[in-house]
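**Q** Quick one: the structure is below, and I'll ask about it shortly.
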Amino acid sequence: MASTPPGNRRTRIHVVSDVHGNARDLARAGEGADALICLGDLVLFLDYADHSRGIFPDLFGEENAHRLVELRTARRFEEARELGRLLWDGVDGDRATLIEQGVRKQYAELFAAFPAPTYATYGNVDMPRLWPEFAGPGTTVLDGERVEIGGRVFGFVGGGLKTPMRTPYEISDEEYAAKIEAVGEVDVLCTHIPPEVPELVYDTVARRFERGSRALLDAIRRTRPRYALFGHVHQPLARRMRVGATECVNVGHFAGTGKPWALEW
């Protein structure tokens, strides 16, 4: 990680999202940059590409993981929940405790991989209450807050909106809109989920529209940041597009690519 740029030297920021357990590449994600930004989803509960990886297959095996992916992809959410109920009924131990143990194990490895400085916000599969326990002095956690990096103001809003998937950090539209409002006008608006634009929220592999934020889209149109950066949609129909004066960019599925998106000025 480069040091803070003196004088007029150019600033380079690397941005990642949807890390989903990829600690190996995360440890190198800040190389050549002045800072790393992480837009959340550190936890890997279930890898839709490799059904042997994640907390779910660790507990229930690859075959059950494959079945769950099939049901969710087909949007048969009630059947997926019923499968989950049957599997958890057969486990010796408290569900919340077992999941938290898996999350803690992943967080210990992932937060240790963050370079300094790192600026991070939560994804919809993250557990915010655990982050203070693992975030070291070089990691700044922001949600509904702003920070200046290299002379530009960055705003951060974490989490996702409520869906049938019921992931850990889903909040109401009203709560999310309040955080967007709290950030106000910034040069770069950093969120986990995209604005509600069809081309940005449609996942071409899952073949479904993920939830984007209307409040985020309205804020982009109103406050006109230079960039709106986000992740969440792993295989988007469009990875970037302009909304008014703002360049909207899906920074990529880091778990799959292992490569950060770079912003330089």
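The values are calculated or read from the model by the stated rules, or taken from the named source; none is laboratory data. These numbers were taken from a predicted model, which means no experiment stands behind them. Backbone-built Cβ (ideal geometry, glycine too); neighbour counts: all protein chains shown. Surface accessibility is based on the protein's heavy atoms, side chains included, excluding ligands, DNA and RNA. Shrake-Rupley method; radii C 1.70, N 1.55, O 1.52, S 1.80 Å.
**Q** Zone of ARG76 (label point 7 Å along Cα→Cβ, backbone N under 17 Å): which residues in the range 181-223?
**A** Answer for this model: 207.
**Q** Got the relative contact order for the range 105-154 handy, in percent, Cα pairs under 8 Å and 6 or more residues apart? Could the numbers behind the result be given before it?
**A** Details: 36 pairs, mean separation 19.2, N = 50.
So the answer I get is 38 percent.
**Q** In addition: Please report, as a whole percent, how much of the solvent-accessible surface of the chain comes from carbon and sulfur atoms (probe radius 1.4 Å).
**A** Values: 5880 of 12230 Å².
That fraction is 48 percent.
**Q** Let me ask something else about it. With n ≥ 4 as the cut-off for DSSP H runs, can you work out [θ] at 222 nm for the chain, using -39500 (n - 2.57) per run divided by the number of residues, rounded to the nearest 500?
**A** -9000 deg cm²/dmol
**Q** Need one number: nm distance between label points at ALA49 and MET241, each 7 Å from Cα along Cα→Cβ, rounded to one decimal.
**A** 2.4
**Q** For the chain, what is the relative contact order in percent, using Cα pairs closer than 8 Å and at least 6 residues apart in sequence? Show your work: numbers first, answer last.
**A** Numbers: 562 pairs, mean separation 56.5, N = 265.
Taking the mean separation of contacting Cα pairs over the length of the chain, I get 21 percent.
**Q** Please work out how much length the chain gains when fully extended from ARG85 to GLU31, using 0.36 nm per residue of separation minus the C-alpha to C-alpha distance, in nm with one decimal.
**A** Working: separation 54, 0.36 × 54 = 19.44 nm, distance 4.34 nm.
That works out to 15.1 nm of additional length.
**Q** Continuing with the same structure: Report, for the chain, the % of DSSP beta bridges that are antiparallel, rounded to 5. Spell out each step's value before the answer.
**A** Working: 16 of 40 bridges.
Bridges in the chain are about 40 percent antiparallel.
**Q** Same structure again: So in the range 60-177, what percent of DSSP beta bridges are antiparallel if you round to the nearest 5?
**A** For the range 60-177, the DSSP antiparallel bridge percentage is about 50.
**Q** Now for a different question. Which loop-located trypsin sites (Lys or Arg not before Pro) does the range 185-217 contain, where loop means any DSSP state but H, G, I, E or B and the Cβ has at most 13 other Cβ atoms within 10 Å?
**A** Loop-located and lightly packed - ARG207.
**Q** Another question, then. How big is the accessible area of SER17 in square angstrom, nearest 10, if you roll a 1.4 angstrom probe over the protein chains?
**A** Around 0 Å² of this residue is reachable by solvent.
**Q** Given (i) 22.6, 72; (ii) 18.2, 62; (iii) 17.1, 48, which label gives Rg and Dmax of the Cα atoms in Å as computed from the coordinates?
**A** (ii)
**Q** Given R₀ = 25 Å, FRET efficiency for GLN101-ARG129 by Cβ-Cβ distance, to 0.05? Intermediate values should be presented prior to the final figure.
**A** Numbers: r = 15 Å, r/R0 = 0.59.
Efficiency, rounded to the nearest 0.05: 0.95.
**Q** Where only protein heavy atoms count, and the probe is 1.4 Å, what is the accessible area per residue for the chain in Å²?
**A** Numbers: 12230 Å² over 265 residues.
The answer is 46 Å² per residue.
**Q** Something else about it: To the nearest 0.05, how large is the calculated FRET efficiency for ARG24 and GLU174 if R₀ is 30 Å and r is the Cβ-Cβ distance?
**A** On the way: r = 39 Å, r/R0 = 1.29.
The value I calculate is 0.20.
**Q** Cross-link partners among lysines for LYS259, C-alpha distance below 26 Å, same-chain residues fewer than 8 apart left out?
**A** LYS259 reaches LYS105.
**Q** Sticking with this one: State, to one decimal in nm, how far the label point of ALA262 lies from the label point of ALA182, with both points 7 Å from Cα in the Cβ direction.
**A** 3.4
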